Every structure is written in C-alpha cells, then in structure tokens.
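Report on the following structure.
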Amino acid sequence: MVASDAVRALLPMLLLAAVGATAPATKGEDLHSRAMRIHKSAIVVDTHEDVPEQLEKEWVDIGVRQKTGHVDIPRWREGGVTAPFLAAYVSSSYAASGKSAKKALELIDLIRRLVESHPRDLVFADSVRGVRVAKKEGKIAVLIGIEGGHAIEDSLAALSAFHRLGVRYMTLTHTNTNNWADSAGSFFSFSYDPAKTAVHNGLTDFGREVVLEMNRLGMLVDLSHVSDKTLADVLAVSAAPVFASHSSCRAIANMPRNLTDDAIRAIGAKGGVVMVNVSSTFVDQKVVDDFVARKRALAPKAAEIAERYKDDPKKRDQETTALLENLRRPRASWTAVVDHIEHVMKIAGARAVGLGTDYDGIEDPPDGLEDVSKLPALTEELLRRGHSEEEVRGVLGENLLGFWERADAARANAPPGKEPMPFSKP
Ligand SMILES: [Zn+2]
C-alpha cells in the first residue's frame, strides 16, 4: 500500500470524525437512519397544537389514528413528539360575551381529561423536569398554554389561578386587542385592519403588570399574535426571557403574524425562542400573495354577506368564514419550514429556534408535513443541510427547555410581587 492509498483508506474515518463530533454516525448508517435515530432519542417539543379546538369541531378518540385533523396519539408517536403544548384557545367572541375565563377553565378541564383517559400514553406535565421524566418513561408529556389574554378577564388572581391549574404559557392576545394589549389583528378575516386593533399603542400599564405577574408566577410570556408595538413593550418590561409559540419569519413570508428580524433578534438576545409555525401561509410568500389576492377578489361578496346578515352576526360570521375556508390555498413545500428555522438561526443564533407547528389550528400544512407524524422529515433535512446533531436536538426541543429554565431562573430572582387583590370589587 503506497502512502496515498493509506490516506484514501483513512479518509472515510477522518470525515466521520469531523462530522460526528457530538455522536459518531453508526457504521454504514445512511442519512435517513441517522435522522430517525437522532429524532427518536431527542426531546421533541411542539409549543402549539390546537387539539381542543379540533375536538370541539368533531369529537374523536385521540387514542386511535384518525383520517381528519393533524394530531392524535398514534401520530404523536410516529412523529416522535415528547411534549406538545395544547392550546386552551379562547376565541375573541368570548371577549364580547364576558365568559372568557369560563371557556378557558372548560378547555383546561378537557385537556386534563384527555390525559387522564389515556394513562398508558399520556402524562400531564408543567415543568422542564416533567418533560424529561416523561421521555424517560416513554410517555407523551401534555402541557397547557392559554391562547388569548382576555381569558384572565383582567384579573391577576385569575392569572394566578390558571397557573395553579397547570397552565404554563399565555399568548397575550389572540386576533383581538384586549383591555391591556394590542393584537396584530385578524389577517385571515375580511375585516382585517391593523389600524383598528392598534388601540393602546402596545401594552397598557395594567398590561405591564400582567407581564410582571407572569414572570413572578413562572408563566411563560407568549408573543405570537401581538402587534409589533406590544412585542417591543413586552421585551422592554419583562424580567424573564419571552417567546413566540407559533410564528415564523416576516423576512421570508411577509404577513403580520410572522416576526420581523428585529423582533427575532431581540427575543433571542433576551434568551427567548421563536417557535416556527408550519402553515403554508406562514412560510411561503407565494401562498401569502395568493391568499391576499383571493381575499381581495372575494371582498365584494363578503360585503354583500355582511349587509344581508347585518342583524344576525352569528350567521354573518358563519357565511364569511365559509367563504374563506372554501378557498383552496396552494401548499408550500415542507422544506420552506426549514428555511424559516435557518433564518432564525442566522438572525438570533442556533439556540433561539424551535417548533410551534399550529397543527389542528391551521388549514394548510405544507406538502410533506401534512400532520404531526411527519416531523422526522425536518430532522433529516436539517442534517442534510449540514447542521450538527446538537443544533438539531436544540431545534427539536432542547432550545425550548433551555429557554424555560432561563425563565424559571429569572423567576427565582424576581422580587416578590405585591399582594394581588384576591377578588374583584363588585
Ligand atoms: Zn394562534
């Protein structure tokens, strides 16, 4: 054997040593097998799944693989999901009717019942430790986030009580501006008008109190759905790192539910994370443009419906929603989701990104990521693009857990809150 032959013989081993710095690839393992091995052993956190909303539309046994929706236990298993945050989503309509807290309570109860009725597969969790223990025991850790700050009905005591019930994040607004925080508005509705939801110029003084109380309780502050000004105000006041549970990057797909590069940078600099939404309309500019064009074309028809049912708001909303839902939107390719993950990495660092799919809350998952069972495809694509195993594990869940630990540490350092009034004045 001449010298050059010896080098050639050694080359594969040298390459393996260079690539597999964190975990050497098993001999003969191809990319797909490596991806599956890493994915199955990783902690996979998805910070936004609308399973309760889907169950309200159509009650099914989540223990059985379904043909509808995006999530059930078999598909969680196939997708390698360790810890889904289920959304206790309180529709903006409850803000008007004044029963937002009741609705949130019912959803929290529903989520707890789902867990209790599937004890072999599911376990309730409200901490980083709970997630890690579930992984060790081969169970899926179900967590709760409230979506829509109107759920607390302007009561810090209600916020605290929700925390005691196990809620670990709250999205400060949904598509509605509430009494203390401006929303980014309802991009998907015909009535979308950001000027109308810019009511408080961001966060009010009470809104600041809500954020500080969330810091004190250990309730993660979620910035998805809020206006850019609210986001900036929260970043300025929060004593703990904050996150966006299901938003993508505006630089790639320009729509108001996505985050600007400035916001992504600031969230990362504060120790927070951006959890990428997989909806086609969140990840692909062509899909955004197509949606805007279709909405514009249907606007006269929507105006006609609004006029016809002006005395029947329920019927009006049904008809306009049907008008939008009947639109067949084009689908993005699943690789667009990886473009967003890489964009957050580029802007804020590899530790500032994770997954907040919004499954069961979106109509248009991309081709190749049709439901939660397809998540391992993301791991394979990240590896294919040259990301290290450590980076991939970060995206899958470790980044979120690290953020949560930093938020918990900030809580430990927080001054004791002033004693909140335990009940509202009559
Ligand atoms: Zn949402």
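The values are calculated or read from the model by the stated rules, or taken from the named source; none is laboratory data. Everything numeric in this text was worked out from a predicted model, so none of it was measured. Positions of Cβ are backbone-derived with ideal geometry, glycine not excepted, and every protein chain shown enters the neighbour counts.
For every residue, the table says whether it meets (1) surrounded by 24 or more Cβ atoms within 10 Å (Cβ to Cβ); (2) within 16 Å of the ligand (Cβ to nearest atom); (3) not assigned by TED's automatic domain parsing to the domain that holds Ile146.
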site: Leu231; (1), (2), (3): yes, yes, no
site: Leu235; (1), (2), (3): no, no, no
site: Ala240; (1), (2), (3): yes, no, no
site: Ala244; (1), (2), (3): yes, yes, no
site: Ser247; (1), (2), (3): yes, yes, no
site: Asp262; (1), (2), (3): no, no, no
site: Ala266; (1), (2), (3): no, no, no
site: Gly272; (1), (2), (3): yes, no, no
site: Asn277; (1), (2), (3): yes, yes, no
Tell me whether the stretch 160-178 contains one or more residues that are under 17 Å from Val226 (Cα atoms) and surrounded by fewer than 19 Cβ atoms within 10 Å (Cβ to Cβ). no
Qualifying position, being outside any helix (DSSP H, G or I), of a type outside the set (Phe, Trp, Tyr) and more than 22 Å from Val344 (Cα to Cα), among Ala251, Ala239: Ala239
Where in the stretch 97-200 are there strands (runs of 3 or more DSSP E), lying fully within it, with 1 or more residues that are within 15 Å of the ligand (Cβ to nearest atom) and within 22 Å of the chain's Cα centre (by Cα)? 140-147, 167-171
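I'd like to know if the stretch 206-224 contains one or more residues that are within 16 Å of the ligand (Cβ to nearest atom) and either within 13 Å of Ala184 (Cα to Cα) or outside the structural domain of Ser160 (by TED's automatic domain parsing) (or both).
So the first thing to find is which residues in the stretch 206-224 are within 16 Å of the ligand (Cβ to nearest atom), and the list is 220-224.
This time we only want the ones that are either within 13 Å of Ala184 (Cα to Cα) or outside the structural domain of Ser160 (by TED's automatic domain parsing) (or both), so: 223-224.
Yes: the stretch 206-224 contains one or more residues that are within 16 Å of the ligand (Cβ to nearest atom) and either within 13 Å of Ala184 (Cα to Cα) or outside the structural domain of Ser160 (by TED's automatic domain parsing) (or both).
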Can you name the condition, by its number, that Met255 falls short on among (1) within 14 Å of the ligand (Cβ to nearest atom); (2) within 22 Å of Leu378 (Cα to Cα)? (2)
Consider the stretch 77-96. How many of its residues are over 22 Å from Lys139 (Cβ atoms) and either of a type in the set (Asp, Glu) or in a loop (DSSP other than H, G, I, E, B) (or both)? 3
Top-ranked residue in the stretch 56-88 [being over 18 Å from Ile43 (Cα atoms) and in contact with a Leu (Cβ under 7 Å, 6 or more places away or on another chain); ranked as nearest to the ligand (Cβ to nearest atom)]: Ala88
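Output the helices (runs of 4 or more DSSP H) that fall wholly within the stretch 376-418 and possess 2 or more residues being modelled with pLDDT under 95, or say none. Show your work before the answer.
Numbers: elements: 376-384, 389-393, 399-413.
Correct list: 399-413.
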When only residues in the stretch 315-350 that are in contact with a strand residue (DSSP E or B) (Cβ under 9 Å, 6 or more places away or on another chain) and not in a helix (DSSP H, G or I) count, which is surrounded by the fewest Cβ atoms within 10 Å (Cβ to Cβ)? Ser333
Say we look at the stretch 26-55 and pick out the residues that are in contact (Cβ under 8 Å) with a residue 40 or more places away in the chain and over 23 Å from Tyr169 (Cβ atoms); which of these is nearest to the ligand (Cβ to nearest atom)? His39
Condition check: closer than 17 Å to Phe282 by Cα and within 16 Å of the ligand (Cβ to nearest atom). Does Gly368 satisfy that? no
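Rundown of residues vs (1) more than 17 Å from His246 (Cβ to Cβ); (2) surrounded by 17 or more Cβ atoms within 10 Å (Cβ to Cβ); (3) at pLDDT 95 or above, yes/no style:
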position: Gly63; (1), (2), (3): yes, no, yes
position: Ile73; (1), (2), (3): yes, yes, yes
position: Gly79; (1), (2), (3): no, yes, yes
position: Lys103; (1), (2), (3): yes, yes, yes
position: Val133; (1), (2), (3): yes, no, yes
position: Gly138; (1), (2), (3): yes, no, yes
position: Gly149; (1), (2), (3): no, yes, yes
Applying the selection to the stretch 56-92, what residues are under 25 Å from Asp222 (Cβ atoms) and without any contact (Cβ under 8 Å) to a residue 12 or more places away in the chain? Glu56, Lys57
